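The values are calculated or read from the model by the stated rules, or taken from the named source; none is laboratory data. From a predicted model like this one, the values you see are computed outputs, not experimental measurements. Neighbour counts are summed over all protein chains in view; Cβ atoms, including those assigned to glycine, are modelled from backbone coordinates with ideal geometry.
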Amino acid sequence: MIVVNLDVMMAKRKMTLSQLSERVDITLANLSILKNNKAKAVRFSTLAAICAALDCQPGDILEYVPDPPGGPEG
């Protein structure tokens, strides 16, 4: 599964969700969905805008976490 660590990077940059929303022109609701790992997909243009605003790389925000044995695929 892919985990979104947006809250971690925002904390490192001392930026609120509202501030990020204004900088990347994405609604608070959509950013909240992403931040809370409820998103099923993310556009590269959205990811690029977030990375530009937070001065980071996609790997700083996205993390692959394998399912435990016996999980959804096991």
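A compact table of results
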quantity	calculated
Unmet requirement for residue 63, which otherwise passes all of (1) of a type in the set (Asp, Glu); (2) surrounded by 13 or more Cβ atoms within 10 Å (Cβ to Cβ); (3) out of contact with any Lys or Arg (no Cβ under 8 Å at 6 or more places or on another chain)	(2)
In segment 1-38, residue surrounded by the most Cβ atoms within 10 Å (Cβ to Cβ) [restricted to those that are assigned to a helix (DSSP H, G or I) and among the acidic types (Asp, Glu)]	7
Pair list, Cβ under 6 Å, 6 or more apart: segment 20-42 residue under 19 Å from residue 52 (Cα atoms), other residue crowded, with 16+ Cβ neighbours inside 10 Å and hydroxyl-bearing (Ser, Thr, Tyr)	28/21; 31/21
Among (1) over 12 Å from the mean Cα position of the chain (by Cα); (2) modelled with pLDDT under 95, the one test that residue 16 misses	(2)
Complete set of residues in segment 19-62 that are more than 13 Å from residue 6 (Cα to Cα) and among the charged types (D, E, K, R)	22, 23, 25, 40, 43
